[in-house]
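S.K.: Structure in structure tokens, see below.
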Amino acid sequence: MHLAAVLQEQGIVVRPLQPSPLAPAELLEIDAFDWGRAAELAQPVGWRWVAAWAEDEGERLSVSACLEKHGGYTVLRTRVDSGHPALPSQAAYYVAADRPERHMQDLFGIRFSGHPDGRRWTRHQAWGEGSFPLRKAYPLAGTPPEQTPPDSGYPFLKAQGHGVYEIPVGPVHAGIIEPGHFRFQAVGEMVLNLEERLGYVHKGIEKLAEGRTPEALARLAGRVSGDTAVGHAFAACQAMERAAGIEAPARAAFIRGILAERERVANHLWDLGAICNDVGFAFANYQFGRLRELWLRDNLALFGHRLLMDRVVPGGAAVDVDGEGIKRMRASIAFLRRELDELLPILDANSSLEDRLLGAGVLSAEDAAALGALGFVGRASGQRFDVRHDAPYAPYDRFPVKVPLEEQGDVASRFWVRYKEIRVALRLLERLLEELPAGALTVPWQAPPAGAEGLGMVEGWRGEILCFVRFGADGAIGRYYPRDPSTVNWPALEKLIHGNIVPDFPVCNKSVNGSYSGQDL
Amino acid sequence: MLSLYRKIFTTGVLTEDVPRPPLEPEVEAVGVQLKAAIDRRFAGSLAIRQVDAGSCNGCELEIHALNNVYYDIERFGVHFVASPRHADVLLVTGPVSRHMEAALRRTYEAAADPKWVIAAGDCAACGGEFGVSYASCGAVSNVIPVHAVIPGCPPAPAELLRGILGLF
Ligand code: SF4
């Protein structure tokens, strides 16, 4: 049933915009006082909460929330007065809405009534309580103090009782890793509670995007999260192209698919090694690290960049692959498959590896569904959703994508889902190479009229990436909101660590591998 | 177990030579000097603490690669350590986000003198794609003293290696 019908049945006034400016997503406008109730009605009939973003329209702020069911996306939109922006919270019905609403509260000054957690989130001390960086009137440069004070005094949850103690970690971590803060409450070795405090690498990406050209936005999108250079650029270009009413040529779509699958393989290889390393199995770390390095060298030789930044551009792709390149890629795919075949029985037969991974960091199917967990985190807990499969886009609309699934929800499940996803990606790469159409790599860009908007949804290596773009005057970007899957998956880590021992935290964390930069923006 | 040993032996030793770019013979000379400097001033071992001060994480991925079997940076006496207290060098990435500013200053203060700072990546060098804004301080040198800069977005492992060799 369409979401509009569900809401109307309960007496909510729904104004669908037809044709939808966000096609293929539907766009429904509703009244502000129905905002929370809409979520209350959508949740029990299986709509998943995807993302929300706000826009400054001057006198009013608009707020949009995207929901999904069976691969169909619907965006709800409402407007509130800029002077006293207040809206009923959707977080009471959807956990996934918790942090995005707090993000809007900190950057736009929108108050969400009935929100279960009113604490600041993205705002630490870089700007004042009453100033909101994503309002149009707020200058990009801000009015920073001489030195930004540390984020002390954040009211963390407290646990009390005999033998309960607290472990603060970060923001500077012990390894070569992004910064964030974790606060553990533990008894003995057991974790009672973990609380994440993120936002340390907030770089003002949404604000920086305003006024950029489409090419410059694609460059910025490729740096939302460095390991998802292809995924975010892909989503941003898809959103911009939909807004402009153009379509990348078939060959470019295939090249994008090839780049996206290569990115998936490189990241999974790295994490498989790192998961093993975190439980002391260095052999696998060196082997997977070796395979990743060879794969990245192929990226450089074939496409001119190890991490594939700036290869997806508005209107198409900036790189091509010739006969020689296809031969080389085929050979490296075959090589990697052979290597994985050899490693699999070694990993499988390693009982100490099994001891540490099996049953560690369990995310139950119910929790995964309630959180809307994405990508391999969701799929290791029985949630099959994959944009390539459920809402296919070019080039994945040409052939069915197999989606590996595990049910246990533990670290081992996430390990094996990733392993299988590499195998699927290798097969996909072969098919993309086999059926690579001839033709142009780009279509000429056509600046859309001011106000044009577009929504992009692609399956990045971590899961569904959603991207909203609106154009301003002169073909420049007016608003950009990228939702990395990490934003949704970070709370899963807080859930799955319950009852585990503190020393298992690194491997549990690695098996989820959330992006800090992608969630902090 | 046997298959494990077989894999180890058939993989063999893959360690490559220090990258020697053909057009930069002076890099080699610097490399020799660095080795000598590390031997003389650090008893053969240079400790690096990496600090992500706002990076997109691209730079971290390539710094990690320095530890893979192809570069194996430890054979040059360079080690990544877990605490600034153990470090001779801070390898800093990212435009410094304002939210990381205090943490970066504190990390710098926590490292014992004498200490060096290398800004790795375009963001750390000059603010890169993010520049200076309400949320970003831009270049690392806007926050703490910087002694060497490694450009690139991200710098490839060989470039990082050359950049570290170039510090002395
Ligand atoms: S230099 Fe490039 S790779 Fe490094 S943090 Fe900046 S944007 Fe990311």
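S.K.: Could you tell me what percent of the accessible area of chain A is made up of carbon and sulfur, with a 1.4 Å probe and every protein chain present?
M.R.: After summing per-atom areas, the C and S share lands at 53 percent.
S.K.: As a test of the definition: with a 1.4 Å probe, what buried accessible area, both sides summed, do you compute for B against A, in Å² to the nearest 100? Numbers along the way, then the final one.
M.R.: Details: alone 9260 and 20130 Å², together 24710 Å².
Approximately 4700 Å², summed over both chains.
S.K.: Rounded to a whole number, what is D in µm²/s for the protein assembly as shown from Stokes-Einstein with the Kirkwood radius over alpha-carbon pairs (37 °C, 0.692 mPa s)?
M.R.: For the chosen part, D equals 127 µm²/s.
S.K.: Ignoring ligands, DNA and RNA, what accessible area per residue does segment A:3-113 give at 1.4 Å, in Å²?
M.R.: The answer is 37 Å² per residue.
S.K.: Ok, one more. Under the rule of -39500 (n - 2.57) per DSSP H run of 4 or more residues, summed and divided by the residues of chain A, what mean residue ellipticity at 222 nm is obtained, to the nearest 500 deg cm²/dmol?
M.R.: Theoretical 222 nm ellipticity from helices: -12000 deg cm²/dmol.
S.K.: How far, in degrees from 0 to 90, does helix B:2-11 lean away from the longest principal axis of the Cα atoms of chain B, to the nearest 10?
M.R.: Tilt relative to chain B: about 80 degrees.
S.K.: Please report the base-10 log of the normalised intensity I(q)/I(0) for segment A:183-277, using a Debye sum with one equal scatterer per alpha carbon and no solvent, at each q in 0.25 (1/Å).
M.R.: -1.25
S.K.: What residues does segment B:132-166 have that are buried by at least 50 Å² of accessible area in the full protein assembly compared to the chain on its own, 1.4 angstrom probe?
M.R.: In segment B:132-166, residues shielded by partner chains: B:Tyr134, B:Cys153.
S.K.: Also, I was wondering about something else. Hey, can you find the accessible area per residue of segment B:43-84 for me, probe 1.4 Å, expressed in square angstrom?
M.R.: 24
S.K.: State the percentage of accessible surface on segment B:129-168 attributable to carbon and sulfur atoms; use a 1.4 Å probe and exclude ligands, DNA and RNA. Walk me through the numbers on the way to the answer.
M.R.: Values: 670 of 1220 Å².
Taking all protein chains in place, segment B:129-168 shows 55 percent carbon and sulfur surface.
S.K.: Can you give me the angle between helix B:98-110 and the longest principal axis of chain B, using Cα atoms only, in degrees from 0 to 90, rounded to the nearest 10?
M.R.: For B:98-110 against chain B, the angle is about 60 degrees.
S.K.: Please compute the per residue accessible area over segment A:205-519 with all protein chains in place, 1.4 Å probe, rounded to a whole number of Å².
M.R.: 30
S.K.: According to the square roots a ≥ b ≥ c of the eigenvalues of the Cα gyration tensor, what is the shape class of segment A:205-519, taking rounded for a/c under 1.5, prolate for a/b larger than b/c otherwise, and oblate for the remainder?
M.R.: Values: a/c = 2.11, a/b = 1.40, b/c = 1.51.
Since a/c reaches 1.5 but b/c is at least a/b, the shape of segment A:205-519 is classed as oblate.
The values are calculated or read from the model by the stated rules, or taken from the named source; none is laboratory data. Because the structure is a prediction, the values reported are computed rather than measured. Quick note on the areas: whole protein, heavy atoms, side chains included, nothing else; ligands and nucleic acids left out. Shrake-Rupley method; radii C 1.70, N 1.55, O 1.52, S 1.80 Å.
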